[in-house]
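Taking it in order: structure first as structure tokens, then the write-up.
The values are calculated or read from the model by the stated rules, or taken from the named source; none is laboratory data. All values reported here derive from a predicted model rather than from experimental measurement. Heads up, the Cβs are rebuilt from the backbone with ideal geometry, glycines too, and the neighbour counts pull from every protein chain shown. SASA here: full protein model, heavy atoms, side chains in, ligands and nucleic acids out. Shrake-Rupley method; radii C 1.70, N 1.55, O 1.52, S 1.80 Å.
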Amino acid sequence: MRKLTVTMIVTCLVLGATAIATAQNTSDLVQASILADASNIKPGEPFTVGVLLKIKPGWHVYWTNPGDAGLPTRVQWILPPGYTASEVRFPVPEHLDQPGGIVCFGYTDEVMLTSTITPPSQSSANDSTAVDITAKVNWLCCSENCVPGKAILTLQLITGDKTLPDNTQLFEQWQNRLPTRTSAPAAPLVLSDSPPHTQILTTRKITDPKAIIPGTVDGLIVSVGAPQSTATGTTIPVSAQVLKGQTITASSVPVLLTWADPDGKVRLGEEITVPIVGGH
Amino acid sequence: MKTKIGLVAIALLGLSALQLLAAMPPIGSTAPAFTLQDQNGNSVSLSDYAGKIVALEWFNENCPIVQRHYKAGDISATANKYAADGVVWLAINSTHDTTDASNKVAAGAWNMNRPILSDASGTVGHAYGATNTPEIFIIGKDGKVAYEGAIDNDPQGDKSSDKVNYPAKALDEILAGKTVSEPVTKPYGCTVHYAN
């Protein structure tokens, strides 16, 4: 595995008061690096970049929705002119049960967050020009305590007349950990219902099913119940609470159904889109 | 309202685990009573402040999000500003290993001239369904919950504009005799490290 980490700045919060417990150095907890699935890239030909976080045993970082507490891990790309990035893709998270019935969603051990980067098709640059792809990454790493961390990671790639693959196995491995997306229609969440509620029905027969919401919907608190597996498939109850004083502009809410991989080591998932009706 | 909706939903759908905020007392319901000890060994009861507006702030001095706010000074600034209007501000620490002594150190380090109540058993935290530090509950003069949720709308601490101090907004509205326009927000921060 080739890593092209040119700069890596890891900082940790400086405490305002010495009397308060000193935070651990965040670089002991999370090692961040940036990689691409290509070493040489071609104008107009998309490639994938990833931020790989290696997490100290016993600690975790968070998914897009941290759950009852925590902060989402964030990646922001800084790209050369004309380059565009897809949204950041998060692998299917684990459920992290905390004392007091608090449930968080996130990752232990390691996680890679990826985006597809598309270079401009007409590059003014000559062959063998080096371009910098930079990721600004923020995370909150928690165990008994929490330690915030951030890194600025830069990867240098060479533009040329063909794409040269790199890190193929690693990117395939993390690609397989992303949720699939279903086009199966789900019954809408009707906001005028009291309470707004619906059910998602899938034909999946899976082990240890759980359902979670990847993010927040402005003006709504969406709740998903425990999925019920039957002989014919899996049912997920969904309900919502309309927050007073807030405007609902979203036309749908994604629900992530997750289940245990047959080998039991990782969780797999499927993202299902539930339409929202009556919010505008 | 919220728990009622939650209960209806549970009844209708067999929901077993509502993900968010379901354990918090509904807006407009009577705030759960409590008696706890502060960092100086004084007994403090919610009923001591009957007829006053009370803000409860879930606190853990070792949470970096709490530390960020105390370094910036915004929570104390809000607490001190509204103290002039008669608003009582109580910090509550539901961390399983909190002690009066550790709360006293935190109060000294951050010039907190208000009680930090020790709830190491987590009883009061569970009664309010507090999940994060920081997390705020505001109780109106009528003893009913008027606001619950986040300290502001800036989880990452990097907003320069469009920042909303939710408790200040709610307190302004309550003091002006208005209904709180955003009574529930999603709290953010560290997990409350409960004993169980």
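In table form, for the structure just shown:
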{"read-out": "Out-of-range pairs (alpha-carbon distance over 27 Å; input B:LYS104/B:LYS178; A:LYS42/A:LYS265; B:LYS52/B:LYS104; B:LYS144/B:LYS169)", "value": "B:LYS104/B:LYS178; A:LYS42/A:LYS265"}
{"read-out": "Number of partner chain Cβ atoms within 10 Å, mean per residue of B:61-73", "value": "5"}
{"read-out": "Amide H contacts of A:ILE200 (H built 1.01 Å from N, under 5 Å, at least 5 apart or other chain)", "value": "A:ILE236, A:VAL238"}
{"read-out": "Shielding by partners - mean other protein chain Cβ count within 10 Å, residues of A:237-244", "value": "6"}
{"read-out": "With 10 Å bins from 0: P(r) over chain B, alpha-carbon pairs, percent", "value": "9, 37, 39, 13, 2, 0"}
{"read-out": "Most to least packed among B:182-194, A:104-116, A:37-49 [average Cβ atoms within 10 Å]", "value": "B:182-194, A:104-116, A:37-49"}
{"read-out": "Selection from A:GLY50, A:GLN175, A:ALA69, by position along the positive dipole direction of chain A (Cβ)", "value": "A:ALA69"}
{"read-out": "Expected-Rg normalisation [2.2 N^0.38 Å, Cα atoms] applied to the protein assembly as shown", "value": "1.04"}
{"read-out": "Interface B:A - total buried accessible surface [probe 1.4 Å, Å², rounded to 100]", "value": "3900"}
{"read-out": "List A:SER192, A:SER86, B:SER121, ordered by accessible area with a 1.4 Å probe, largest first", "value": "A:SER192, B:SER121, A:SER86"}
{"read-out": "Charged-residue dipole, Cβ positions (Lys, Arg, Asp, Glu), the protein assembly as shown about Cα centre, Debye nearest 20", "value": "320"}
{"read-out": "Which of A:ILE158, A:ILE276, B:CYS63, positive extreme of dipole for the protein assembly as shown (C-beta unit charges)", "value": "A:ILE276"}
{"read-out": "5 angstrom amide H check on B:GLY189, placed H, neighbours 5+ away", "value": "A:GLY70"}
{"read-out": "Space enclosed by the convex hull of the alpha-carbon atoms of chain A, per residue, Å³", "value": "177"}
{"read-out": "Among B:ILE27, A:VAL92, B:ILE151 the positive-end extreme of the charge dipole of the protein assembly as shown (Cβ point charges)", "value": "B:ILE27"}
{"read-out": "Most mobile listed residue (B:LEU117, B:LEU90, B:LEU36) in chain B, GNM with C-alpha springs under 10 Å", "value": "B:LEU36"}
{"read-out": "With eigenvalues of the C-alpha gyration tensor scaled by 5 and rooted, region A:180-277, Å", "value": "26, 13, 11"}
